Ligand code: ADE
């Protein structure tokens, strides 16, 4: 996937570009990241990227012309049909299914806002989708866009090995993940559940599914209410 990122702080993206699963995706060429900084498109000698809001009040708005020029430059490189995404608390709340849909695209342009945000007319004319990472406010869109980039990248073909397969994750089947254990077998007064030591793969699969169902029921009943359970899942939940 080719991602164009528009941000006043491109250095922040080292967090995804240089580390872990996403860093590996970049070095393998499965994720290509390009950056456009509105500051590089500012025309005045101070390279101004903010402007005062019409109507007054506290806070600034991202200056229109440098941002628009950065979006145009990104579109020129990635193609004019590339979806342009803006991260803001006013957007649709991101979930795993939306990440799956996004991961099937060839390219996207992601805009990280700063200050109070971007001019509403730019949202109307330039933005295809507005996404939020949750009902809280961050001081900029960079971290939010990195959440999106990380979540999408690990779904790209070949990025996770079999061992790490995304299919097993919380939410991929509409349920929370089961608990995980590693050595030692006994940690102070806590033992590893004995079924996991027995090597009966079918018993382990059932136990894990039951744990997933139980946790989801206890912690996120809203998820269960949305889901149609299989016969096996219904039986395990009622056991
Ligand atoms: N920018 C600031 N807060 C945000 C949020 N919750 N989601 C997406 N972008 C944001």
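Where a number appears in this text, it was derived from the coordinates with a stated rule and is not lab data. Here the structure is a predicted model, which means the values were calculated and not measured. Every residue, glycine among them, receives a Cβ derived from its backbone with ideal geometry; neighbour counts consider all protein chains shown.
Annotation: peptides 218-224, 29-35, 111-117, ranked by per-residue average of other Cβ atoms within 10 Å with the highest first, follow the order 111-117, 29-35, 218-224. To check you understand DSSP bridge types, tell me what percent of the beta bridges within the stretch 1-145 (both residues inside) are antiparallel, rounded to 5. DSSP beta bridges in the stretch 1-145 are roughly 10 percent antiparallel. Taking the longest Cα principal axis of the chain as reference, the axis of helix 64-78 is set at about 60 degrees.
Per Stokes-Einstein, at 37 °C and 0.692 mPa s, what whole-number D in µm² s⁻¹ belongs to the stretch 1-137, with the Kirkwood radius over Cα pairs as the hydrodynamic radius? Here the translational diffusion coefficient equals 207 µm²/s.
Which value in Å does the Kirkwood hydrodynamic radius of the stretch 59-181 take, with 1/r averaged over all unlike C-alpha pairs and then inverted?
Working: mean 1/r = 0.0630 Å⁻¹.
Roughly 15.9 Å, rounded to one decimal.
Dividing the C-alpha radius of gyration of the stretch 99-239 by 2.2 N^0.38 Å, with N its residue count, gives 1.40. Between the helical axis of 141-153 and the longest alpha-carbon principal axis of the chain there is an angle of about 50 degrees.
For the stretch 170-238, the Cα-based Rg and Dmax, in that order, read 13.4, 40 Å.
Axis angle, to the nearest 10 degrees, between helix 201-219 and the longest C-alpha principal axis of the chain: 60 degrees. Report D for the chain in µm² per second (integer): Stokes-Einstein, Kirkwood Rh on Cα pairs, 20 °C, 1.002 mPa s. Stokes-Einstein gives a translational diffusion coefficient of 104 µm²/s.
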